[in-house]
Amino acid sequence: MKSLIYSLIRSYHLFRKHILHKDVQMFISPITVKHIERYRLAAEHIPPLSRVLDAACGSGYGSAFLGGCDYTGLDLDGAVLQYARQNYSGSFQKLPIQEAASLGTFDAIMSFETLEHLSNPEAGLSALVSALKPGGVLIMSFPLNHPDDIYHKTVFTPDSVTALVSNCVGNRTFEKKYYYQSKILIHELEQVLDESAQGTLTLVLKESL
């Protein structure tokens, strides 16, 4: 009986592969790939064994890029947090970004495509800075010139991102690296962006001590 079942399953998968070509007819959202690319970039800037906060972690897959780190994800969506706990390692908390410091301080903080959703992005970023240990690294991304009156409450430009950071870091000094995504891959920003350019800006802030 088992051999018959195995033969049927095998025949089904061979049919899918060679007749329907279903093993290659897979479509991945470019948005998902862009998020993955940001986590890959973040992993290059976060030392092993760091205590890491992923603010607005979603389903938690960012933890897979940070093996060996003490990972904490926070989000407001209970359903995605339940999925994250079931599928990824780390601690997952239902908490607004403004209360990040209640979890302690972190060597590194990530927050991708988040602050544009807040009514007060300065309060959100200030809370993340407060939760960052001295000498830590803060990595964020912002959609540029992306009007979305359904989900976004702020439309960011390169200059407004710079102003936001300046207003929120206080007297702390950070080395800054800018990375720009016009399509999928992240490229280091080598020149000033046109204020009307669309894409995503990822900003890496490393505190100088």
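The values are calculated or read from the model by the stated rules, or taken from the named source; none is laboratory data. Keep in mind that what you see is a predicted model, and the values were worked out from it rather than measured. Cβ placement follows ideal geometry from the backbone for every residue including glycine, while neighbour counts extend to all protein chains displayed.
Just give me the residues in the stretch 31-46 being among the β-branched types (Val, Ile, Thr) and either farther than 17 Å from GLY60 by Cβ or free of Cβ contacts under 8 Å to residues at least 60 places away in the same chain (or both), in sequence order. Working first, answer last.
Step one: filter the stretch 31-46 for residues among the β-branched types (Val, Ile, Thr), giving 31-33, 36, 46.
The answer is ILE31, THR32, VAL33, ILE36.
Okay, residues lined up against (1) within 20 Å of ALA56 (Cα to Cα); (2) among the β-branched types (Val, Ile, Thr):
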position	(1), (2)
LEU115	yes, no
LEU128	yes, no
MET140	yes, no
TYR151	yes, no
VAL161	yes, yes
ASN171	no, no
* Asked: If only one of GLY78, GLY62, GLY67 is touching a residue at least 12 places away in the same chain (Cβ under 8 Å) and within 20 Å of ALA43 (Cβ to Cβ), which one is it?
  -> GLY62
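So how many residues does the stretch 174-190 have that are in a loop (DSSP other than H, G, I, E, B) and at pLDDT below 80? Even if it seems obvious, please write down each step before you answer.
Narrowing the stretch 174-190 to residues in a loop (DSSP other than H, G, I, E, B): 182-186, 189-190.
The next check asks that each one be at pLDDT below 80; those that pass are 189-190.
Here the count works out to 2.
Please tell me if GLU188 is among the acidic types (Asp, Glu) and either surrounded by 12 or more Cβ atoms within 10 Å (Cβ to Cβ) or within 20 Å of the chain's Cα centre (by Cα) (or both). Break it down stepwise before answering.
Working: among the acidic types (Asp, Glu): yes; either surrounded by 12 or more Cβ atoms within 10 Å (Cβ to Cβ) or within 20 Å of the chain's Cα centre (by Cα) (or both): yes.
Criteria met by GLU188.
Which of the residues spanning the stretch 109-144 are part of a loop (DSSP other than H, G, I, E, B) and under 16 Å from LEU203 (Cβ atoms)? Write out each step before concluding.
Step one: list which residues in the stretch 109-144 are part of a loop (DSSP other than H, G, I, E, B), which gives 113-114, 118-120, 131.
Scanning the stretch 109-144 gives GLU113, THR114.
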* **Residue, surrounded by the most Cβ atoms within 10 Å (Cβ to Cβ), within the stretch 106-131, restricted to residues that are free of Cβ contacts under 8 Å to residues at least 40 places away in the same chain and of a type in the set (Ser, Thr, Tyr)** => SER130
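Considering only the stretch 149-185, state which residues are of a type outside the set (Ser, Thr, Tyr), without any contact (Cβ under 8 Å) to a residue 24 or more places away in the chain and either surrounded by 11 or more Cβ atoms within 10 Å (Cβ to Cβ) or touching a strand residue (DSSP E or B) at 6+ places or on another chain (Cβ under 6 Å) (or both). Write out each step before concluding.
Going through the stretch 149-185, the residues of a type outside the set (Ser, Thr, Tyr) turn out to be 149-150, 152-153, 155-156, 158-159, 161, 163-165, 167-172, 174-177, 181, 183-185.
Pick out the ones that are also without any contact (Cβ under 8 Å) to a residue 24 or more places away in the chain and you get 149-150, 163, 171.
Residue satisfying the conditions is ALA163 alone.
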